[in-house]
Amino acid sequence: MSNSSIKALLSTPLTSSGKRSTSYQKRLTNILWIENLHRTNLKFQLKEKQILVHTTKNGEKIFIRFPGKESAKYTLRGIARKTSAIRPWDFRPKIYLQSKNTPLNDMSFGDIWAIVFETAEELIKNNKKEILRIFATLLYRMATMDDHVDIKLFDTKEQLITFASQSEVFSKETAVKLPKLYQYSVNPLVLKFLSEECPRWGSMSSEGFLLYNEALTWNEDCKYYYRDNYVNNANKWIASTGRVNTLLTHIRILGYILKEVPLAEIFNDFAVGKGVSPASDEEILTICTGYVHR
């Protein structure tokens with residue numbers, strides 16, 4: 001498939017993330033879907049549940065497992081967590097590679113960036129810099145939920161996990177029917193092109209890596225929505241907070257790799273305590289040139 005065909009398939013307008021945006025209802029639906037998961041008798045690292053949300057074409061399985069560590073009253077170091085910092089909807093993605101019985105270790109955003117840098121180095125060495133622009137565009141579309149499709153009734157499987165002597169004990173998988181959600185689904189032609197040009201991101205396929213990031217940023221949306229509406233009682237929409245600023249930070253790091261964003265500007269945002277360093281509209285247009293437009 002030619003680059004011009006890929007550009008046509010990925011053509012994306014710059015958009016907002018407020019209540020009038022096309023992503024608002026999709027994000028809200030998926031946040032409330034997480035809120036309404038059954039958590040009775042579940043507790044972080046005592047009794048957890050995982051739900052299968054995706055199976056990739058390579059046979060990787062992506063689950064969301066909950067409750068997460070931020071749901072607990074104490075940190076992993078035994079320090080009491082402030083009530084205002086507890087996030088009862090917290091979850092984490094788990095990705096199982098094909099034919100593997102144990103998932104990859106949980107990845108932080110730092111781990112994600114390490115994979116991006118390592119993969120980008122190989123792509124640039126092999127004169128495939130354009131793949132980084134395509135990947136940045138997919139991240140932008142993930143932020144705006146352009147590639148999320150409406151699943152009216154979600155047929156999937158769930159599993160309980162109990163902890164004994166530092167070991168995880170899994171129940172048999174149970175078939176469940178869960179409510180409507182918007183499921184991430186990249187155009188198959190784009191995914192085929194990306195998989196052929198860059199089959200691996202770390203130990204994951206291109207699709208698996210994208211899906212892992214999608215689950216991480218889904219959780220970011222849930223945490224900030226809970227903070228604003230249940231802790232701060234602000235009754236407001238999260239807008240660019242959560243998935244959007246997280247993914248725009250990934251895009252900005254790709255901009256640095258492409259030599260289009262100074263590293264000092266990224267570091268400055270982190271240094272002043274923002275926690276994110278989202279790409280501006282102008283930076284997005286440059287990094288995703290030919291794909292994202294006004």
Hz values of 3J(HN,Hα) by residue in region 152-160 - Karplus curve (6.51, -1.76, 1.60), Gly and Pro given as x: 5, 9, 9, 8, 7, 10, 10, 8, 8
Alpha-carbon Debye profile of region 172-251, log10 I(q)/I(0) at 0.15, 0.19, 0.21, 0.27 Å⁻¹: -0.75, -0.98, -1.05, -1.21
For Val176, residues with placed amide H under 5 Å, excluding near neighbours: Thr156, Lys157, Glu158
Relative contact order of region 3-293, pairs being alpha-carbon contacts under 8 Å that are 6 or more residues apart, as %: 23 percent
Full-stretch length increase - Ile124, Asp155 - with 0.36 nm per residue and alpha-carbon distance subtracted: 7.1 nm
For Lys49, distant residues with modelled amide H under 5 Å away: Phe66, Ile161
C-alpha long axis of helix 206-226 to longest principal axis of the chain, angle in °: 60 degrees
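So how do Ile112, Ile253 line up by other beta-carbon neighbours within 10 Å, fewest first? Display every interim value, and only then the final one.
Details: Ile112 19, Ile253 23.
Sorted ascending by nearby Cβ count, the order is Ile112, Ile253.
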Spacing of the two label points (7 Å from each Cα toward its C-beta) at Gln166 and Lys100, in nm: 2.1 nm
Helix-only [θ]222 nm of the chain, DSSP H runs n ≥ 4, -39500 (n - 2.57) each, per residue, nearest 500: -12500 deg cm²/dmol
In degrees, nearest ten, helix 243-257 long axis to first principal axis of the chain (Cα): 40 degrees
Part-to-part distance (alpha-carbon centres) for region 1-68 and region 190-256, which is given in Å: 9 Å
Modelled FRET efficiency - R0 51 Å, Ile79 with Asp281, Cβ distances, 0.05 increments: 0.80
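No lab work stands behind these numbers, since they all come straight from the coordinates. Here the structure is a predicted model, which is why all the values come from computation and not from measurement. Using ideal geometry, Cβ is built from the backbone for each residue, glycine included, and neighbour counts are taken over all protein chains shown.
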